[in-house]
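Student: Once you've had a glance at the structure underneath, I'll fire off some questions.
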Amino acid sequence: MASVIQSQKTALITGAASGVGFAVAKLCRNKGMHLALLDIDESNLTKTKLVLSDLDPNLKTEAYVLDVADRSAWKDIADNISRSFPEIDLVVLNAGRGYKPQIQESRGRMNPWLDTEYWSKTFDTNVFGPLNGLDVILPLILDSKSKTPKSIVVTGSKQGITNPPGGNNPAYNASKAAIKSLTEHLAHDLRSDPITSHISVHLLIPGWTWTGFMGNVGPNKEQDMKKPTGAWYPSQVAEELSAGLEKGLFYIICPDGETDRALDQARMKWGSEDVYEERPALSRWEDGWKGRAEEAIQADANARRS
Ligand SMILES: NC(=O)c1ccc[n+]([C@@H]2O[C@H](COP(=O)([O-])OP(=O)(O)OC[C@H]3O[C@@H](n4cnc5c(N)ncnc54)[C@H](O)[C@@H]3O)[C@@H](O)[C@H]2O)c1
């Protein structure tokens, strides 16, 4: 299938007002695409619409303020979207965020296991957000007359694969593991059915990217960012997505300035081997296993590089 990133096609992007979503929207605009931009942050979304419209006022740019976790809000904007964009070629379900547990245990530590609100907020945004989006957008794609190739991209995370413990990570990691699983199923189901086999599905897995997650909020110019050397610019992730779509990859895994592809592969291999080697859960971080894990991962990564 040819990539759907092409002039006069339409991209619908959630979390479009900052970071990865904004960079993908900008790349699509630079390729001559019409844009439906969705975000919860009205102020950044307004700026985003202006910046992207200015790049090519002849192309259509519409912005929709929406909390992706709000199912009825998706239903409310569905008609507006389909009126403005009779054909949607690329859907990027990208909005996501990490929440912090707010319940303190007696030792003073914030404890994720005492705060179900932290879990439900994370899952509402990161898991039900994309599911709500699919519920509304998939029928619009299927209703459209043309059966030209379409693509759905969902943004996951390496944390949903390697599952690093600590801090605020448990709910975020679990939400991104759920995203990996549901996106794999979606890809399989759509390609197995002749009615939907023109829709390809992709899991975008950014590495460490300098975005709102990290304190860089809004549709900022990358040259103005004070980015740590190890992190990638959001535009690098957008380019990696574009290249991955061109190659027809399902897993579009982005390296960054600290972690190359070989190290990612070695870490993922170690993590998945925990299951069938009957090691303790998350052995990479377990006393008694840490040293062995690090040694094996480095040796594997070096072998992959040579
Ligand atoms: N930055 C990283 O290092 C990194 C790494 C792996 C995965 N990711 C994933 O990339 C995606 C994009 O994040 P980013 O890093 O660009 O961060 P970002 O904060 O710059 O952008 C996220 C955008 O999503 C919007 N958003 C958040 N919650 C929303 C909601 N409920 N409804 C609608 N919009 C909402 C925010 O307003 C923001 O504009 C997320 O899914 C994140 O989990 C980021």
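The values are calculated or read from the model by the stated rules, or taken from the named source; none is laboratory data. As the structure is a prediction and not an experimental result, all values here were calculated from the model. All Cβ positions, glycine included, derive from the backbone under ideal geometry; neighbour counts span all protein chains shown.
Student: Of all residues in the range 144-176 being hydrophobic (A, V, I, L, M, F, W, C) and more than 12 Å from the chain's Cα centre (by Cα), which is surrounded by the most Cβ atoms within 10 Å (Cβ to Cβ)?
Tutor: Checked the range 144-176; the qualifying residue surrounded by the most Cβ atoms within 10 Å (Cβ to Cβ) is ALA171.
Student: I would also like to ask the following. List, please: which pairs have Cβ atoms under 9 Å, are six or more places apart or on different chains, and start with a residue in the range 78-104 that is outside the structural domain of PRO130 (by TED's automatic domain parsing) and end with one that is not hydroxyl-bearing (Ser, Thr, Tyr)?
Tutor: Here the result reads none, with nothing in the range 78-104 linked to a residue that is not hydroxyl-bearing (Ser, Thr, Tyr).
Student: If I ask for residues that are over 16 Å from the mean Cα position of the chain (by Cα), assigned to a loop (DSSP other than H, G, I, E, B) and not β-branched (Val, Ile, Thr), which ones from the range 177-211 would you list?
Tutor: ASP193, PRO194, SER197, HIS198
Student: A further question follows. Show the residue pairs that are 6+ apart or on different chains and have beta-carbon atoms under 9 Å apart, the first residue being within the range 228-252 and on the phi > 0 side of the Ramachandran plot, the second being of a type in the set (A, V, I, L, M, F, W, C) and not in a helix (DSSP H, G or I).
Tutor: From residues that are on the phi > 0 side of the Ramachandran plot, the pairs are GLY248/MET1.
Student: What are the residues in the range 242-266 that are farther than 15 Å from LEU90 by Cβ, among the charged types (D, E, K, R) and part of a helix (DSSP H, G or I), if any?
Tutor: LYS247, ARG261, ASP264
Student: Name the residue that is nearest to ASP260 (Cα to Cα), counting only residues in the range 214-243 that are of a type in the set (A, V, I, L, M) and at pLDDT 90 or above.
Tutor: Once the filter is applied, the top-ranked residue is ALA231.
Yes or no, residue by residue, for (1) more than 9 Å from the ligand (Cβ to nearest atom); (2) among the aliphatic types (A, V, I, L, M); (3) part of a strand (DSSP E or B); (4) in contact (Cβ under 8 Å) with a residue 40 or more places away in the chain:
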| residue | (1), (2), (3), (4) |
| --- | --- |
| ARG29 | yes, no, no, no |
| LEU38 | no, yes, yes, yes |
| THR46 | yes, no, no, no |
| LEU50 | yes, yes, no, no |
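Student: Can you find a residue in the range 121-131 that is within 20 Å of GLU62 (Cα to Cα) and buried (at least 20 other Cβ atoms within 10 Å of the Cβ)?
Tutor: Yes: one or more hits.
Student: Does THR229 qualify as being crowded, with 18+ Cβ neighbours inside 10 Å and either among the polar types (S, T, N, Q) or closer than 21 Å to LYS31 by Cα (or both)?
Tutor: Here the answer is no, as THR229 does not meet what is asked.
Student: I'd like the residue in the range 1-16 that is modelled with pLDDT of 95 or more and either in a loop (DSSP other than H, G, I, E, B) or at positive phi (or both) and, out of all such residues, is nearest to the ligand (Cβ to nearest atom).
Tutor: Only one residue tops the list, namely GLY15.
Student: While we're on this one: Given the criteria within 13 Å of the ligand (Cβ to nearest atom) and not assigned by TED's automatic domain parsing to the domain that holds LEU282, does THR229 qualify?
Tutor: Spelling it out, it is not the case that THR229 is within 13 Å of the ligand (Cβ to nearest atom) and not assigned by TED's automatic domain parsing to the domain that holds LEU282.
Student: A further question follows. Please go through the range 47-59 and pick out each residue that is over 12 Å from CYS28 (Cα atoms) and surrounded by fewer than 16 Cβ atoms within 10 Å (Cβ to Cβ).
Tutor: Listed by number, the residues that qualify are LEU50, ASP54, PRO57, ASN58.
Student: Can I ask one more? Which of the residues belonging to the range 30-45 are surrounded by fewer than 23 Cβ atoms within 10 Å (Cβ to Cβ) and small (Gly, Ala, Ser)?
Tutor: Within the range 30-45, GLY32, SER43 qualify.
Student: Does VAL20 meet the test of being part of a helix (DSSP H, G or I) and either under 19 Å from the mean Cα position of the chain (by Cα) or free of Cβ contacts under 8 Å to residues at least 12 places away in the same chain (or both)?
Tutor: For VAL20, the condition - part of a helix (DSSP H, G or I) and either under 19 Å from the mean Cα position of the chain (by Cα) or free of Cβ contacts under 8 Å to residues at least 12 places away in the same chain (or both) - is met.
Student: Restricting the search to the range 111-137, which residues are in contact with a strand residue (DSSP E or B) (Cβ under 8 Å, 6 or more places away or on another chain) and in contact (Cβ under 8 Å) with a residue 12 or more places away in the chain?
Tutor: Once the filter is applied, which keeps residues that are in contact with a strand residue (DSSP E or B) (Cβ under 8 Å, 6 or more places away or on another chain) and in contact (Cβ under 8 Å) with a residue 12 or more places away in the chain, the range 111-137 yields GLY129, PRO130, GLY133, LEU134, ILE137.
Student: Please verify whether the range 215-224 includes one or more residues that are under 18 Å from the mean Cα position of the chain (by Cα) and surrounded by 20 or more Cβ atoms within 10 Å (Cβ to Cβ).
Tutor: Looking through the range 215-224, at least one residue is under 18 Å from the mean Cα position of the chain (by Cα) and surrounded by 20 or more Cβ atoms within 10 Å (Cβ to Cβ).
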